[in-house]
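Right, one structure below, let's go through it.
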Amino acid sequence: MLAGGLWDRSNMALPMCGKTASCRLFMVSAPRWGLAVEQVRTVVWHETYQEPVVDKEYFRKPEEIDGLAHTRPVKSALPTQSTSIFHYPEVTKFTSYVMKKGERALARSIVEKAFEHMKRHQIKKYHEAPPEEKPYIDCNPVRIFHTAIENCKPVVGVQSVKRGGKTYQVPTPLTDKRRRFLAMNWMIAETRDNRDWPSQSFAKKLSSNLLEAYQEQGKVVRKKYDLHKLADANKAYGHFRFW
């Protein structure tokens, strides 16, 4: 072996490469060769496997013969996918954001307790309200959660772009995935940093923030408006957007 980690062509012994790495031999100069080992990410499912379908409405439709679709193998469904009527993908995604250090059971229990606090609050409000206001009080915590997250989703954001040695905040529209991420991330961050109720549990503070966002109030909704104001203040730099 020569200096610099290069192999002598006359007396060359190549190491064995495992299944998760690929070896590539390249020539550095006339009398010497070099060895490069590249990491290859293993794939669990072959490309011939098709994605699983967990939508019940798909199976209620008339069956259509689609070539090899009935003969191709199907991937296993993810643990977060379910056909239950009590499965809500957005709640599952929010639970994943709440989770820390892989403790999904703890995160799920926190979200369920927050929903319980919201339902108790709304039921109490329902019984104390006059008869003409009762039809407008929603006691379903899942609907309250979806409305609260929808009220926190921003429409536009800003992207840092460097021009001439200066960095500008360029307004840019946000995708649905990014809007959902910002709304949920703001909600969780505000709940963790909230010091207005230091003696309350995380679930109780989360339910209070969700109820405030449900009524289009609270600090999380103000964060959305602040981002919109920042994008509007920098609209003069919109021509810097190249994507």
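Readers should treat all values here as calculations from the given coordinates under stated rules, not as data from a laboratory. Keep in mind that what you see is a predicted model, and the values were worked out from it rather than measured. We place every Cβ from the backbone using ideal geometry, glycine too, and count neighbours over all the protein chains shown.
The ranking of His70, His87, His121 by Cβ neighbour count inside 10 Å, starting from the fewest, reads His70, His87, His121.
For the peptides 232-240, 181-189, the ranking by packing is 181-189, 232-240, with the highest mean count of neighbouring Cβ atoms within 10 Å listed first. If one computes P(r) from the Cα atoms of segment 111-158, what percent of pairs lie at distances over 16 Å? The share of Cα pairs beyond 16 Å in segment 111-158 comes to 49 percent. Rounded, prolate or oblate: which fits segment 189-243 when a ≥ b ≥ c are the square roots of the eigenvalues of the alpha-carbon gyration tensor, with rounded for a/c under 1.5 and prolate only if a/b beats b/c? Prolate, because a/c is 1.5 or more and a/b exceeds b/c.
Going from the residue with the fewest nearby Cβ atoms within 10 Å to the one with the most, Cys152, Cys139 rank Cys139, Cys152.
When Tyr126, Tyr58 are arranged by Cβ crowding within 10 Å, least crowded first, meaning fewest neighbours, the order is Tyr58, Tyr126.
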